[in-house]
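Below you'll find the structure, written out as structure tokens, and then a few comments.
Read-outs: derived from the displayed coordinates by stated rules, not from any lab. Predicted model, so just to flag it, every value in this text is computed and none were measured. So basically every Cβ, Gly included, is an ideal-geometry build from the backbone, and we count neighbours across all protein chains shown.
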Amino acid sequence: MDEYRVRITRQAREHLREIRNYIEHVLFSPIAAKNTITAIKTEIQSLKKLPKRTHLTPEQPWHDLQVHRVRVKNYYIYYWIDEEQRIVQITGVIYVKRAQSRQLEALEAD
């Protein structure tokens, strides 16, 4: 089975930096910050194989646009799959207690 390439958008990378900084500097837990980011990155890399194993996000219109989401700890990873080029595009990493539709509206497709 061929693997997909994983591409993390600029905005998703910024989300990861913000998550790390918040946990490390606001919650004063550098170990938890490291563990959370490691768990998220591990899940992202696992999407190289069988990226369709997760559900589409229930929010519209992103569901109809085939945007997937997977939960890791207290965060959702949002992504879409380009079957033609075999790329998994990570578009955002969002805290689960935020208003997901509002956060999804702010995501860039780059």
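To the nearest 20 debye, what charge dipole does the chain have about its Cα centre, counting +1 at the Cβ of each Lys and Arg and -1 at the Cβ of each Asp and Glu?
My answer is approximately 500 debye.
When a footprinting reagent is the concern and you count Cβ atoms within 10 Å, what order do Leu65, Leu16 take, fewest first?
The fewest-first ordering by Cβ neighbours comes to Leu65, Leu16.
What ranking, highest mean first, results for peptides 86-95, 27-36, 67-76 when packing means the other Cβ atoms within 10 Å averaged over each residue?
Details: 86-95: 20.3, 27-36: 13.4, 67-76: 17.8.
In decreasing order of mean packing, 86-95, 27-36, 67-76 become 86-95, 67-76, 27-36.
Quick check: pseudo-label points 7 Å beyond the Cα along Cα→Cβ at Gln45 and Asp2, how many nm apart are they?
If labels sit at Gln45 and Asp2, their model points lie 2.3 nm apart.
Would you please name the GluC sites (Glu not before Pro) within the stretch 49-110 that are DSSP coil residues with at most 14 other C-beta atoms within 10 Å of their C-beta?
Passing both the DSSP loop test and the Cβ count: Glu83, Glu84, Glu108.
Give the residue from Tyr79, Ile31, Gln60 lying farthest towards the positive end of the charge dipole for the stretch 16-94; charges sit on Cβ (+1 for Lys and Arg, -1 for Asp and Glu) and the dipole is referred to the Cα centre.
Ile31
Suppose R0 equals 41 Å. What FRET efficiency, 1/(1 + (r/R0)^6) with r the Cβ-Cβ distance, do Asp64 and Arg17 give to the nearest 0.05?
Working: r = 30 Å, r/R0 = 0.74.
So, using R0 = 41 Å, E works out to roughly 0.85.
Which entry in (1) 15; (2) 6; (3) 44 matches percent of Cα pairs over 26 Å apart derived from the coordinates of this structure?
Comparing each candidate, only (1) matches the computed number.
Going 7 Å from the Cα of Ser29 toward and past its Cβ, which residues in the stretch 73-110 have a backbone nitrogen under 13 Å from where you end up?
From the stretch 73-110, the list is 73-75.
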